[in-house]
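Readers should treat all values here as calculations from the given coordinates under stated rules, not as data from a laboratory. Note that the structure is predicted; figures quoted are calculated from it, not measured. So basically every Cβ, Gly included, is an ideal-geometry build from the backbone, and we count neighbours across all protein chains shown.
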Amino acid sequence: MASPELFKEVLESFKALGEMNLSEIERKKLHVVYQKLSSLQKRVEGVFDKHVMTKVEKQLAHFDADTRLRNLEEAFKNEKGFSDRWDAHMKIVELRLKKSEKDLTPKNKYEELLSFQAERFPPSPFEDDSDLDTVERFLEREKIIKNWNTLLFAKRVFSDKDLSEPKNKEELEKVCKEVNTFSFDQGIYSFEAIGLTEIPEEVNRLGYFIGRLSFANNEISYIPKNCFSGLTNLEWLDLSNNQLTAIEKEAFSRLTSLIGLDISNNQLTAIHKEAFSGLTSLEKLWLNNNQLTVIHKEAFSGLTSLEELVLSHNQLTAIDEETFSGLTSLEVIGLHCNQLTAIGKETFSGLTNLEVLGLHNNQLTAIGKETFSGLTSLRELGLHNNQLTAIEEGAFSGLTSLRCLWLDNNQLIAIHKKTFSGLTSLEKLWLNNNQLTAIGKKTFSGLTSLEELVLSHNQLTAIDDETRDSLKSIIQILEE
């Protein structure tokens with residue numbers, strides 16, 4: 001049995017070790033310490049707190065993962081065509097870890113990187129039993145993924161070619177080399193639902209005259225920089241229903257002829273402020289049904305031809321007042337089904353061509369009197385399904401073209417007598433499902449074009465005769 005002196009010495013050593021910052025110790029030295037501690041642990045089992053050993057083990061795992069990541073990064077950077085791939089993958093890994101609320105430790109990053117690769121790896125016969133932890137094997141698997149996507153792409157383009165199923169990685173590489181000798185015809189190409197996990201670099205060989213291109217309904221997780229740089233006459237690009245998590249800088253560089261871009265139904269959480277730079281011809285941009293929580297105020301800067309912008313069904317809580325600055329061609333903005341709590345008075349300033357604005361299904365509590373100032377072309381405004389309790393006098397002032405206004409399913413308890421003043425083109429007004437208890441005598445005066453007014457499901461007890469008389473030409477008034 002060990003002596004009391006030995007117990008005391010060991011306990012003091014472990015106490016000191018537990019208080020140390022192990023990250024400051026070199027890996028080799030820490031490994032020696034660990035070996036010695038393991039030997040001591042066997043001799044004095046049960047005498048000390050095992051958390052110290054766990055702490056050392058975790059730090060060693062941290063060192064191992066960090067070394068593997070650095071080795072992998074070096075290998076990717078030295079492999080032709082793989083440098084940007086490494087950067088993109090690590091950004092995806094970090095986003096995935098944040099989403100799952102895990103710490104960005106080297107160990108977690110490395111494990112998530114392995115998972116990300118496993119998800120993209122093609123089916124048999126390419127799997128084998130070799131060590132996945134080696135740099136060489138990881139890089140080899142990445143090349144197989146790249147070649148597999150090239151094969152899927154080529155099968156759709158060259159449907160008349162006999163591209164047999166490869167039986168191993170060597171045959172796969174041979175087929176891909178053969179594909180590079182084929183000539184691409186101009187036309188409209190669709191690569192929808194063919195199992196792609198990335199966009200092959202061969203896409204730029206489709207030619208200068210391709211007009212439409214669709215990669216919808218695949219499993220693509222990122223867009224490499226300059227991915228479509230060779231398709232300078234491309235007009236429509238569909239990337240909807242994939243697994244995109246981020247749009248990087250220069251992802252769509254040189255697509256100066258692009259008119260429509262659909263990136264809806266993905267997993268976007270962020271967009272680089274220069275992701276759409278240079279898209280001077282872009283008219284329609286769909287970013288709905290993603291997981292965006294914030295939009296950089298310069299994300300749409302320079303999109304002077306943009307007419308329709310859909311940002312609905314995301315997780316936006318606020319919009320910077322400069323986000324739409326300079327987008328004077330905008331006709332439609334969809335911000336519905338987000339988590340917006342307020343709209344700044346300058347948010348829509350200068351958008352004189354805006355015709356449709358969707359702000360419904362958010363968490364707005366009030367509308368300021370200058371929020372919609374200057375929107376002289378606005379025809380439809382959706383504010384239903386919010387938490388509005390009040391609308392400032394003059395909030396809709398100047399909206400002379402407004403025809404449809406939805407204010408239903410809010411918490412309005414009163415309407416100011418001049419709230420709707422000047423809306424001479426208004427045809428349809430929904431105020432149902434609020435908490436209105438009374439309607440002022442002149443609330444709807446001047447609405448000479450009004451055809452439909454819905455007041456059902458409020459707490460109204462009566463509508464005075466003068467108000468009724470002013471509304472006698474309206475097709476229907478529902479007062480339930």
With each pseudo-label sitting 7 Å past Cα toward Cβ, what's the T461-D84 distance in nm, one decimal?
7.0 nm
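Starting with the highest mean, order 172-180, 251-259, 388-396 by the number of other Cβ atoms within 10 Å, averaged over the residues of each peptide.
On the way: 172-180: 16.2, 251-259: 20.8, 388-396: 18.3.
Descending packing order for the listed peptides: 251-259, 388-396, 172-180.
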Computed over region 96-207, Cα set: Rg, Dmax in Å:
16.5, 50
Charge tally for neighbours of E331 with beta carbon under 12 Å away, counting Lys, Arg as +1 and Asp, Glu as -1, is -3
Compute the distance from the alpha-carbon center of region 352-388 to that of region 224-250, in whole Å.
31 Å
How would region 153-298 be classified by its alpha-carbon gyration tensor: rounded, prolate or oblate, with rounded meaning a/c under 1.5 and the a/b versus b/c comparison settling the rest?
prolate
At the level of C-alpha centres, the distance separating region 437-465 and region 62-130, in angstrom, is 62 Å
Quick note, region 271-331: a/c under 1.5 would make it rounded; otherwise a/b > b/c is prolate and the rest oblate (a ≥ b ≥ c, C-alpha gyration tensor); here it is prolate
Let me make sure I get this right: for region 215-358, a, b and c are the square roots of the gyration tensor eigenvalues over alpha carbons, sorted descending. Under 1.5 in a/c it's rounded, otherwise prolate if a/b > b/c, else oblate. Which is it?
oblate
Net charge near M90, counting Lys/Arg +1 and Asp/Glu -1 over other residues with Cβ under 9 Å of its Cβ?
-1
Which entries in the list K77/K146; K91/K297; K369/K428; K98/K297; K146/K273 go over 19 Å, if you measure between the two C-alpha atoms of each?
K91/K297; K369/K428; K98/K297; K146/K273
